[in-house]
Amino acid sequence: MRNQWRLTIGVALLVALVAIGLFASRHLSEREPEADLARSKPSAKGIFVVSIKPDGPEPSVGPIATWDLALTRPDGTPVSGAAVTVGGGMPQHNHGFPTEPRVSAAADPGRYRIEGVKFSMPGLWEMRLTISAGTDTDEALFNIRL
Amino acid sequence: MPWRRLLCVVLAAVALAGCGGDSFSGAERAAIASLSLATLRPVQPDPTNRFADDPRAAAFGATLFFEARLSRDGQVACANCHRIDRQFQDDLPFGVAVGETRRRTMPLAGVAYNAWFFWDGRRDSLWAQALAPLEDPLEHAGTRAGYAQFIASAYRERYERIFGPLPDLTGLPAQAGPLGTPPERAAWEAMPEPRRDAIDGVFANLGKAIAAFERTINPAETRFDRFAAAVSEGRAPQGDAALSPDEILGLRLFIGKARCSTCHNGPLMTDGFFHNTGVPPAPGKPADLGREEGVPLVLADPFNCLGRHRDGAADACGELRFIVKDAPELKRAFKTPSLREAAGRPPFMHGGQFKTLDEVVLHYMRAPQPAEGHSEAKPLLLSERERTALVAFLKTLGE
Ligand SMILES: [Cu+2]
């Protein structure tokens, strides 16, 4: 009788262990760190409010796309005439973008176009915008998941 | 007695863990589907080549592809190195024609899906690519003036039916071109600019016909694709579509822990981009900086997308306009090859550095420091079984 119980408990423990192991190997290892996927946010020092969105469908691996960029001051005043450069890539893979996107002013005040944006693999990408307007320079970092 | 029973239960549990092949997570299912040939969209139109999808041009291109007279010595066809019965490659570490090239001949299935051509991406369209071997002194070794005259004598009618009248070629030197021997270069320089331009036009058209043919070379369905179809439809794979537990383990590693599918992604299993993965230099060859060399070459190519022989508008030239010009990661970066049917075409890598898939996997496990630049590969801990499983999976992609 005692043996029977011991056996049952042993088996239950083992099955639980295997299940936990399986779960861990299946799910935990695949999980990427949580990332802030907001498309609109204050720049690092709070000088600008920066918003980006694809000019077209949500991004996918392959095509070269244009993104719209809107720049304002925290009080909502549009920021025109800014010089913006784009950097970034895949931080987890240590590589940059497969293209060198360029930013140009669009017709409306505070509006810009980021041309030449391409993603070459699925995963988490970073788009880093460096913005200079007058004497102010600040950065905004966006995470984009494909 | 009870311990035997316990052992049985443990073994059963372990076996269950091993054969979880039928229970892919949602993310795994999506990853498997994304690699399946069924998700390959039709090849995009190429507005820079208005003959890209013209069947007459494709048929003419096929003729040219197998035409050995399209070379200086009349012995070299594209098909010598890109052998039709060998996945359009030659099984050699380095392509050989008039001389030995410094890199491995690339297979052509699905080639039209690329944005960049050659291991270093030094051409930006399939038609501009085709012109390079024709004038490479180690390959076809001819000149564009020579080719124009050959077409006029051997294929005038076929050419003109597709592209319109050939320019007047009377009095043209037998050989002349900017990449020929010094006298051939001098002869080219001596030609008036409009005449050179007319010859360039004929030369570009040969590339456009060959490209139209190459656009029809597509990868074939493999065991993996039949397996993936079953998985995504939620039915049990039947017959050869049923992968073995080892093959499934390999697949899981490929899309999971081994992170192969970061670069080898999509239905062609390539991101079409350039990476330094620490592959050692090809023995006996000059230093090869890969993409770092390819960038200035494609920018300088007169037949690139921004050149005057492009058809259509310049808005098709996004890749060239937004090319990454200088970044440290371009050094010794080579184009990610498709892994479809790779198992059947050793040796592997840009200089045939590895003879077996096992050596390839071992390389990724070790992730050695590259000769130059920074490798994106990170050391990988795989058990003996996982190593063979990864190789087994690669074979399900065709041999
Ligand atoms: Cu990446």
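The sole residue among A:I47, A:I144 that is more than 14 Å from chain B (Cβ to nearest Cβ), of a type outside the set (D, E), surrounded by 17 or more Cβ atoms within 10 Å (Cβ to Cβ) and within 16 Å of the ligand (Cβ to nearest atom) is A:I144. Just a yes or no: is a residue in the stretch B:318-331 of a type in the set (A, V, I, L, M) and at pLDDT below 95? Scanning the stretch B:318-331, I find at least one residue that is of a type in the set (A, V, I, L, M) and at pLDDT below 95, so the answer is yes.
Of all residues assigned to the stretch B:284-292, none qualifies as being within 16 Å of the ligand (Cβ to nearest atom), at pLDDT below 95 and in a loop (DSSP other than H, G, I, E, B).
B:A229 passes every criterion in (1) assigned to a helix (DSSP H, G or I); (2) surrounded by fewer than 21 Cβ atoms within 10 Å (Cβ to Cβ); (3) within 16 Å of the ligand (Cβ to nearest atom) apart from (3). Between B:E386, B:E359, B:E376, the distinction of being within 14 Å of chain A (Cβ to nearest Cβ), surrounded by fewer than 21 Cβ atoms within 10 Å (Cβ to Cβ) and assigned to a helix (DSSP H, G or I) belongs to B:E386 only. Contact map, the stretch B:263-285: residues that are more than 9 Å from chain A (Cβ to nearest Cβ) and closer than 17 Å to B:F348 by Cβ paired with residues that are among the polar types (S, T, N, Q) and not in a loop (DSSP other than H, G, I, E, B), Cβ distance under 8 Å, separation 6+ or inter-chain. Pairs shown: B:M269/B:S261. Restrict the check to the stretch A:102-113 and report whether at least one residue is assigned to a strand (DSSP E or B), within 16 Å of the ligand (Cβ to nearest atom) and of a type in the set (F, W, Y). Checked against the condition, which is being assigned to a strand (DSSP E or B), within 16 Å of the ligand (Cβ to nearest atom) and of a type in the set (F, W, Y), the stretch A:102-113 yields no hits at all. If you go through the stretch B:156-192 and keep only what is within 30 Å of B:D53 (Cα to Cα) and in contact with a Leu (Cβ under 8 Å, 6 or more places away or on another chain), you end up with B:R156, B:Y159, B:E160.
Of the residues B:T388, B:T356, B:T396, B:T336, the single one that is within 16 Å of the ligand (Cβ to nearest atom) and closer than 28 Å to B:A241 by Cα is B:T336.
A count restricted to the stretch B:331-356 and to residues that are outside any loop (DSSP other than H, G, I, E, B) and within 18 Å of B:C263 (Cβ to Cβ) stands at 7. Of the residues making up the stretch B:317-356, those that are among the acidic types (D, E) and more than 30 Å from B:T396 (Cα to Cα) are B:E319, B:D326, B:E329. Counting only residues that are within 16 Å of the ligand (Cβ to nearest atom) and either more than 9 Å from every other protein chain (Cβ to nearest Cβ) or closer than 21 Å to A:G46 by Cβ (or both), the stretch A:68-91 holds 3 of them.
The values are calculated or read from the model by the stated rules, or taken from the named source; none is laboratory data. The structure displayed is predicted, hence computed values, not measured ones. No Cβ is skipped: glycine too gets one built from the backbone with ideal geometry, and neighbour counts run over all protein chains shown.
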